[in-house]
Amino acid sequence: NSYLYLSSIEISKHAPVERIEMEVKQASGIKRIVKRLTKGGRLFDESGGLAQYNNIVINDINANTDTVSFSNGLELKSGEATGNMDEPMLRRIQIREAIYAHFEKERELFHQGIKVLTLFFIDEVAKYRVYRDNEEEGGEYARMFEDEYQAFINEDNGLFISPDYEKHVRAIDVSKTHNGYFSIDKKTKRMVDSDFDKKEKTSDDVDAYDLILKHKERLLSFDEPVRFIFSHSALREGWDNPNVFVICFLKHRDKDIPR
């Protein structure tokens, strides 16, 4: 069962190019990798010879309809996938697409002096921060983020439109460009899940929003490396920030919790 995920279609100087994730055979095993392919691309060759892609060729890339058709009759629209897709893979794709959208907006606004912020809303702190033996480390989503961010930076994707922008991005350590804003336990000083009052429709994430509000000016400065924010609940009324251009929900919808 061939796995394919069509991320997006870009317009190049010569022909439309698709960003598509597929399985690729490498020395360390089979990995899912984003490729930039054009019409006529042979997926068998691109995969390193995986049988599941045998005789599958890109027939057409339509930038007007955001669709790609293949020689086996399959047609995918941007954001669609075929093949096996579990929840961790879905979350990884969401994180990757948010990073991609962030960079698209950031390189557009960088020379206007506007800092771009991206928000991730998650189910629980443990997905972002894990505490073991008085030590803290990145949770599942933090690790996914750093993997996908670094992969995107290393990819030959035409990201850097100017030396100034490239210098700015490469100077930011991936571990420092994201941070979590959650309630803080006053005894342990650790990030904790917020309590939600379903009757009042409110969250006790006061500490989290204080962290953002009190340091808003610093957060909007290019000297502050944080550009990606992980939080547990939707932003409270009062944090009006036009610099937030991308919002990604990595959590299950709950009809009792306002978004």
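The values are calculated or read from the model by the stated rules, or taken from the named source; none is laboratory data. For clarity, every value in this text was computed on a predicted model and none was experimentally measured. Don't worry about glycine lacking a Cβ; one is built from the backbone with ideal geometry, like all the others, and counts go over all protein chains shown. Ligands, DNA and RNA are stripped out before the accessible areas are found, and what is left, the full protein with its side chains, is counted by its heavy atoms. Shrake-Rupley method; radii C 1.70, N 1.55, O 1.52, S 1.80 Å.
The table below lists the values:
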item: Residue among ILE95, ILE61 that alone is touching an Asp or Glu at 6+ places or on another chain (Cβ under 6 Å), touching a residue at least 60 places away in the same chain (Cβ under 8 Å) and on the phi < 0 side of the Ramachandran plot; result: ILE95
item: One residue from HIS102, HIS111 being surrounded by 16 or more Cβ atoms within 10 Å (Cβ to Cβ) and either modelled with pLDDT of 90 or more or among the polar types (S, T, N, Q) (or both); result: HIS102
item: Residue satisfying all of: in the stretch 1-32; of a type in the set (Val, Ile, Thr) and modelled with pLDDT under 90; farthest from LEU76 (Cα to Cα) among these; result: ILE11
item: The stretch 20-49 - residue that is in contact (Cβ under 8 Å) with a residue 40 or more places away in the chain and in contact with a Lys or Arg (Cβ under 8 Å, 6 or more places away or on another chain) and, of those, nearest to ASN157 (Cα to Cα); result: ARG36
item: The stretch 69-90: number of residues that are more than 29 Å from GLU166 (Cβ to Cβ), touching a strand residue (DSSP E or B) at 6+ places or on another chain (Cβ under 7 Å), open to solvent by less than 70 Å² (accessible area, probe 1.4 Å) and in contact (Cβ under 8 Å) with a residue 12 or more places away in the chain; result: 7
item: Residues that are open to solvent by 10 Å² or more (accessible area, probe 1.4 Å), closer than 27 Å to VAL34 by Cβ and touching a residue at least 40 places away in the same chain (Cβ under 8 Å), drawn from the stretch 130-143; result: GLU140
item: Total residues in the stretch 86-124, condition among the hydroxyl-bearing types (Ser, Thr, Tyr) and in a strand (DSSP E or B); result: 1
item: Condition check for LEU159: open to solvent by less than 20 Å² (accessible area, probe 1.4 Å), more than 25 Å from LYS31 (Cβ to Cβ), in contact (Cβ under 8 Å) with a residue 24 or more places away in the chain and not in a helix (DSSP H, G or I); result: no
item: Single residue of the stretch 162-182 satisfying the filter (modelled with pLDDT of 90 or more, open to solvent by 20 Å² or more (accessible area, probe 1.4 Å) and outside any loop (DSSP other than H, G, I, E, B)) that is nearest to PHE145 (Cα to Cα); result: ARG170
item: Enumerated strands (runs of 3 or more DSSP E) restricted to the stretch 1-79, each holding at least 2 residues that are of a type outside the set (S, T, N, Q) and over 21 Å from the mean Cα position of the chain (by Cα); result: 16-26, 29-37, 58-62, 67-70
